[in-house]
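The values are calculated or read from the model by the stated rules, or taken from the named source; none is laboratory data. Note that this is a predicted model, so its numbers are computed, not measured. Here Cβ is always computed from backbone atoms with ideal geometry, including for glycine, and neighbour counts include all displayed protein chains. The protein model used for the area step is the full one, side chains on, heavy atoms only, and it has no ligands, DNA or RNA in it. Shrake-Rupley method; radii C 1.70, N 1.55, O 1.52, S 1.80 Å.
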Number of protein chains: 2
Amino acid sequence: MTETTSTALDPAWWSEPAARPSVSVKAAASERQNQLTKPPGALGRLEQIAIQLAAIQNQVKPSLEQVHIAVFAGDHGIVEEGVSAFPQAVTVEMQRNFIRGGAAISVLARELDATLEVINTGTHADPSHLAGVVHGPIAPQTANFRHQAAMTEAQWQQALCLGWESVQRAAERGVKLYIGGEMGIGNTTAATALLARLLNLAVGDITGPGTGLNQQGVQHKIRVIQHALDRHTNSLTDAGAISRILGGFEITALTGAYIAAAQQGIAVIVDGFICTAAAAVALQLNPSIRPYLFFSHCSAEPGHQKVIEQLGVEPIVDLNLRLGEGSGAAMVVPLLRLACALHNQMATFAEAAVSEKLENG
Amino acid sequence: MTETTSTALDPAWWSEPAARPSVSVKAAASERQNQLTKPPGALGRLEQIAIQLAAIQNQVKPSLEQVHIAVFAGDHGIVEEGVSAFPQAVTVEMQRNFIRGGAAISVLARELDATLEVINTGTHADPSHLAGVVHGPIAPQTANFRHQAAMTEAQWQQALCLGWESVQRAAERGVKLYIGGEMGIGNTTAATALLARLLNLAVGDITGPGTGLNQQGVQHKIRVIQHALDRHTNSLTDAGAISRILGGFEITALTGAYIAAAQQGIAVIVDGFICTAAAAVALQLNPSIRPYLFFSHCSAEPGHQKVIEQLGVEPIVDLNLRLGEGSGAAMVVPLLRLACALHNQMATFAEAAVSEKLENG
């Protein structure tokens, strides 16, 4: 059992701007791409990814060897309303599965040679017997946001800080890429409520089955969320309040982690629907972090497409995933690594003595 | 310098059906996916990929360690019509770049720990000085199909056979996955003409810039292709004739390779626009091979989307690639490998003692 260390962070640490990625390195990396033995732009998204990583890492040839995956688990008071297809016990059971190596994210971490940590931000059942879980429980679960704010101000700050702490551990290991994942029965309900209000989207347009609700279940979920939004309408005044009143411990920890990673100059891959909700809050709390965030995939959760459009971001793949745990973010790591390898190792036209494009081409 | 071995193949070898992937193994692999610790279907496309590979390999837990990449290079008589932005010398210069390790596909092969071979199917300049190139030159280039058939019947058979030979070399190494790539200045013109006739698509709808024509160049390319289709209209009676009259040595070799791989029970990843043209011919010559073909990506070449729809196939990623060489196919190898790792290594609900979905969920 690992205890989180106490920190004396400035309460508004999350508003400190991240450094702007290097403009000159970005230009040099773009220039390099144009000299490689291929028609200009022929590697599409992979060229842009390599150039962006170069700017973030402040080196023309970026690298992504060390990847850190942190999965934040938390329980949600809103499950009292019957909004999930799985029992709440799964939040703890899956933490054990993460640690023992049987979950999707465990397999992916092994295959990618990434470090994996599991952070308990507060779950209904007691996971203190699980060796290897980072314990940071804020409360057994959030409050039921249909009736009251999910978190107090102190709990919200504490959750943000759990994300910050995870990034410090990653930074100490010299990590080049940070992936946050989540596990929390009921958390698509919290994420949907949060996104609806934050991005001014209709609840009915972005509410989906989560882990597997049927159509009747989805309709019930919509009513629960709409009721909550109406209940809190006068309090949902900014991203911080929206996150605190409608979010979750693990979602808020992810928000804190994304901001902290950017502040440390570490690139982030955002996973699916829930993580996008955390990122959407982070982007409003601290817009300077935008250049550090790569969005991995368009989720099968039907609201994700609309959310992505609203955020003006472009996911890398669309594989009909809807698992969470950070699994979709982990899956694109090889594409980012290949983008770097191509950028770093391909020969230029001059080096390879290959003829360039004709002038009238 | 490696000489290709002569073979005494039945001239209609390509019509021999491939074995149907195992129905019982497919069912067992699907059943396994449903027991893994995730909501059913939550891994989306990756579940389907793993199940299909299991059926192809006739084992519930498939593997993809050995990957073989074969890049076929060939020159095209049609370049006399001014349809490419790059000089024809590039076809040979790039073979040298492939062998020396500076091309995109060379980098990808190294990163994926895949074997890479380059096959010269017939190029204008003499590449016989290039150590490591498999020499199978049919002629210095195809005939200019604006005026005559690109290939004679004998040349077409010879080109198909170059693909077959490449697959035999791969099979001898115990390869689980075969990737074909292509290099040939002018080959988007051949592929576009072929696809327009084969799939009954309007030339103007599927003609694009290839390696980088400007808008005027694209209009000229459309006129050249349309003229050729009109010229040969009475001869373009079936997939074989369309391939022979409008195709290229390297495109035809790919057609032969795709068929031969399926006949050997080896899964194939199809690259972009040119390779899809080769696959489209292969699918008409021998429909039994369809279950063995995975389509890697939707190319930035604007006609590719329409071609894909017409073929009823679903590419795995869309990264705005338009390089060829097999590079897009190589890029998805890690996704296929992760699909296998997840399928093979994740714990079942029973193994992990994780609660399953609620009955009313």
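I'd like to check something: does the stretch A:317-334 contain any residue that is closer than 19 Å to A:Pro21 by Cα and of a type in the set (A, V, I, L, M)?
No, because not a single residue in the stretch A:317-334 is closer than 19 Å to A:Pro21 by Cα and of a type in the set (A, V, I, L, M).
Conditions (1) open to solvent by less than 40 Å² (accessible area, probe 1.4 Å); (2) modelled with pLDDT of 95 or more; (3) farther than 13 Å from B:Met183 by Cβ, marked per residue:
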position: B:Gly77; (1), (2), (3): yes, yes, yes
position: B:Ala85; (1), (2), (3): yes, no, yes
position: B:Thr91; (1), (2), (3): yes, no, no
position: B:Leu112; (1), (2), (3): yes, yes, yes
position: B:Asn120; (1), (2), (3): yes, yes, no
position: B:Asp126; (1), (2), (3): no, no, yes
position: B:Glu153; (1), (2), (3): no, yes, yes
position: B:Gln157; (1), (2), (3): no, yes, yes
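Of the residues B:Ala202, B:Ala170, B:Ala191, which is buried (at least 24 other Cβ atoms within 10 Å of the Cβ) and closer than 20 Å to B:Gln310 by Cβ?
B:Ala191
If you scan the stretch B:210-258, which residues turn out to be within 14 Å of chain A (Cβ to nearest Cβ), crowded, with 21+ Cβ neighbours inside 10 Å and not β-branched (Val, Ile, Thr)?
Within the stretch B:210-258, B:Gly210, B:Leu213, B:Lys221 meet the criteria.
All but one of (1) out of contact with any helix residue (DSSP H, G or I) (no Cβ under 8 Å at 6 or more places or on another chain); (2) assigned to a helix (DSSP H, G or I) hold for A:Val175; which doesn't?
Here A:Val175 clears every test but (2).
Looking at B:Gly102, is it closer than 20 Å to A:Thr37 by Cα and either without any contact (Cβ under 8 Å) to a residue 40 or more places away in the chain or surrounded by fewer than 22 Cβ atoms within 10 Å (Cβ to Cβ) (or both)?
It is true that B:Gly102 is closer than 20 Å to A:Thr37 by Cα and either without any contact (Cβ under 8 Å) to a residue 40 or more places away in the chain or surrounded by fewer than 22 Cβ atoms within 10 Å (Cβ to Cβ) (or both).
Please pick out the residue among A:Ala282, A:Ala202 that is more than 26 Å from A:Gln168 (Cα to Cα) and more than 14 Å from every other protein chain (Cβ to nearest Cβ).
The conditions single out A:Ala202.
So, of the residues in the stretch A:263-293 that are polar (S, T, N, Q) and over 15 Å from A:Ala70 (Cβ atoms), which turns out to be most open to solvent (accessible area, probe 1.4 Å)?
The extreme case among them is A:Gln284.
Go through the stretch A:221-232 and report how many residues are in contact with a Gly (Cβ under 9 Å, 6 or more places away or on another chain) and over 10 Å from A:Thr207 (Cα atoms).
Total satisfying the criteria: 2.
So B:Ile308 passes all but one of these: (1) in contact (Cβ under 8 Å) with a residue 12 or more places away in the chain; (2) open to solvent by less than 30 Å² (accessible area, probe 1.4 Å); (3) part of a helix (DSSP H, G or I); (4) touching a helix residue (DSSP H, G or I) at 6+ places or on another chain (Cβ under 6 Å). Which condition number does it fail?
Every condition holds for B:Ile308 apart from (4).
Does the stretch B:97-143 hold any residues that are among the acidic types (Asp, Glu) and farther than 17 Å from B:Leu323 by Cβ, and which are they?
B:Asp113, B:Glu117, B:Asp126, listed by residue number.
Enumerate the helices (runs of 4 or more DSSP H) found wholly within the stretch B:27-114, keeping only those where 3 or more residues are away from every other protein chain (no Cβ under 14 Å).
Here the list reads B:44-57.
Looking only at the stretch B:323-352, how many residues end up being free of Cβ contacts under 8 Å to residues at least 60 places away in the same chain and within 14 Å of the chain's Cα centre (by Cα)?
1
Restricting to the stretch A:16-57, count the residues that are within 24 Å of A:Asn286 (Cα to Cα) and open to solvent by 50 Å² or more (accessible area, probe 1.4 Å).
8
Could you figure out which of (1) in contact with a strand residue (DSSP E or B) (Cβ under 7 Å, 6 or more places away or on another chain); (2) open to solvent by 20 Å² or more (accessible area, probe 1.4 Å); (3) hydrophobic (A, V, I, L, M, F, W, C); (4) away from every other protein chain (no Cβ under 13 Å) isn't true of B:Ala149?
Against the list (1) in contact with a strand residue (DSSP E or B) (Cβ under 7 Å, 6 or more places away or on another chain); (2) open to solvent by 20 Å² or more (accessible area, probe 1.4 Å); (3) hydrophobic (A, V, I, L, M, F, W, C); (4) away from every other protein chain (no Cβ under 13 Å), B:Ala149 comes up short only on (1).
Are any of the residues in the stretch B:265-278 in contact with a helix residue (DSSP H, G or I) (Cβ under 8 Å, 6 or more places away or on another chain), on the phi > 0 side of the Ramachandran plot and more than 8 Å from every other protein chain (Cβ to nearest Cβ)?
There is at least one residue in the stretch B:265-278 that is in contact with a helix residue (DSSP H, G or I) (Cβ under 8 Å, 6 or more places away or on another chain), on the phi > 0 side of the Ramachandran plot and more than 8 Å from every other protein chain (Cβ to nearest Cβ).
Considering only residues that are over 15 Å from B:Val317 (Cα atoms), part of a helix (DSSP H, G or I) and either open to solvent by less than 20 Å² (accessible area, probe 1.4 Å) or more than 9 Å from chain A (Cβ to nearest Cβ) (or both), which ones fall in the stretch B:331-351?
B:Cys340, B:Ala341, B:Leu342, B:His343, B:Phe349, B:Ala350
Only residues that are in contact with a Gly (Cβ under 8 Å, 6 or more places away or on another chain) and either within 11 Å of chain B (Cβ to nearest Cβ) or over 26 Å from B:Asn344 (Cβ atoms) (or both): list them for the stretch A:115-127, please.
A:Ile119, A:Asn120, A:Thr121, A:Gly122, A:Thr123, listed by residue number.
Could you say which residue among A:Thr152, A:Thr207 is more than 21 Å from A:Trp13 (Cβ to Cβ) and out of contact with any Cys (no Cβ under 8 Å at 6 or more places or on another chain)?
Sole residue among the options that is more than 21 Å from A:Trp13 (Cβ to Cβ) and out of contact with any Cys (no Cβ under 8 Å at 6 or more places or on another chain): A:Thr207.
Return yes or no: is A:Ser355 of a type in the set (S, T, N, Q), on the phi < 0 side of the Ramachandran plot and without any contact (Cβ under 8 Å) to a residue 24 or more places away in the chain?
So A:Ser355 passes the test.
May I ask you to list the residues in the stretch A:209-229 that are modelled with pLDDT of 95 or more and hydrophobic (A, V, I, L, M, F, W, C)?
The answer is A:Val218, A:Ile222, A:Val224, A:Ile225, A:Ala228, A:Leu229.
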